[in-house]
1. Short version: ³J(HN,Hα) in whole Hz for each residue of the stretch 78-95, in order, from phi by Karplus 6.51 cos²θ - 1.76 cosθ + 1.60 (θ = phi - 60°), x for Gly and Pro, what are they?
2. Using only DSSP helix segments of four residues or longer, with each worth -39500 (n - 2.57), what per-residue ellipticity at 222 nm results for the chain after dividing by its residue count and rounding to 500?
3. Treating only the Cβ atoms of Lys and Arg (+1) and Asp and Glu (-1) as charged, compute the dipole magnitude of the chain about its Cα centre; round to the nearest 20 debye.
4. Search the structure for amide H atoms under 5 Å from the amide H of Gln102, placed 1.01 Å from N in the peptide plane, and list their residues when 5 or more places away or on another chain.
5. What list of ³J(HN,Hα) couplings, whole Hz, do you get for the stretch 219-229 from phi and the Karplus terms 6.51, -1.76, 1.60, once you set θ to phi - 60° and write x for glycine and proline?
6. Can you give the net charge of the other residues whose Cβ lies under 12 Å from the Cβ of Glu44, counting K and R as +1 and D and E as -1?
7. Quick one: Karplus J couplings for the stretch 25-41, per residue in order, coefficients 6.51, -1.76, 1.60, θ = phi - 60°, nearest Hz, x for Gly and Pro?
8. So the label point goes 7 Å from the Cα of Met111 along Cα→C-beta, right? Which residues of the stretch 124-160 then have their backbone N under 18 Å from it?
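Each value in this text was obtained by applying a stated rule to the coordinates, not by laboratory testing. Model, not experiment: these values are computed from the prediction. Cβ atoms come from the backbone with ideal geometry, glycine included; neighbour counts cover every protein chain shown.
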Amino acid sequence: MPDAPSEFRYKRVLLKVSGEVLMGDQGYGIDMATVAEVAQAVAEVAREGVEICLVIGGGNIFRGLSKAAGDMDRASADYMGMLATVMNALAMQAALEKIGVQTRVQSALVMNAVAEPYVRRRALRHLEKGRVVIFAAGVGAPFFTTDSGAALRAAEMGCDALLKGTSVDGVYTADPKKDPTATRYDELTYHDVLARDLKVMDASAVALMRDSGIPIVVFSIREKGSFRRTLRGEGAFTVIHNAKTA
């Protein structure tokens with residue numbers, strides 16, 4: 001595949017998208033129009049040479065730590081959440097391949113009829129060939145979130161950055177949807193996030209990115225063209241890394 005143009009800050013990235021993003025304006029499930037929009041954003045930069053792997057949450061279908069789980073034990077609820085991520089991964093694969101992007105889904109839970117098993121070297125080879133790789137089923141074990149799964153895969157794939165696509169354009173001092181005085185951070189350190197208990201990603205995921213030296217970039221995936229702009233260092237986003245610039 002062609003090398004990523006120098007205009008892009010990163011050559012290989014992992015894009016983490018929450019399952020809730022795929023709901024669109026619905027209250028539940030998968031809105032295929034929204035999936036198609038995210039797929040188009042991914043395709044735009046993949047065709048320009050950026051190597052992309054994806055992790056999609058499952059909260060639009062089932063979330064273990066919620067009322068949906070009821071009195072179910074945590075392990076069973078988490079396994080159901082992993083299956084939800086597989087459903088989202090297949091929906092994204094269908095949307096990407098519909099617009100001509102070669103895609104592979106690799107699952108941490110073995111289900112050969114619908115996805116490849118996760119094999120690190122195979123995933124790396126797919127990326128080198130220009131395929132978008134979608135990692136499903138988290139880490140394949142309960143008690144770990146898809147944030148942890150995304151951080152682990154980003155480290156294993158040697159990604160230059162982990163981009164977290166959310167419904168807001170970065171990390172704020174408070175929830176901007178509830179507090180109109182909230183301000184956005186342009187950059188933070190991993191220590192800032194952990195010490196202030198900012199709800200960016202799980203603490204274990206942030207710690208792994210810190211130890212791996214991989215920056216976390218939080219941006220709004222809902223804004224048209226925001227993925228490409230963020231990769232170019234343009235627009236609004238928050239970068240979390242080892243040391244803030246002066």
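1. Going residue by residue, I get 5, 5, 5, x, 4, 5, 4, 5, 5, 4, 5, 5, 5, 5, 5, 4, 4, 5 Hz, with x marking Gly and Pro.
2. One gets -10500 deg cm²/dmol as the mean residue ellipticity at 222 nm.
3. Working: 30 positive and 29 negative charges, 90 e Å.
Computed about the Cα centre, the dipole is about 440 debye.
4. Those lying under 5 Å, H to H, from Gln102 are Val132.
5. Those phi angles translate into 8, 8, 6, 6, 7, 4, x, 5, 5, 5, 4 Hz.
6. Working: positive: Arg47, Lys224, Arg228, Arg229, Arg232; negative: Glu37, Glu48.
Taking every other residue near Glu44 into account, the sum is +3.
7. Rounded to whole hertz, the list is 8, 7, x, 6, x, 10, 9, 5, 5, 5, 4, 5, 5, 5, 4, 5, 5.
8. In the stretch 124-160, the label zone of Met111 (backbone N under 18 Å from the point 7 Å along Cα→Cβ) covers 133-147, 149-150.
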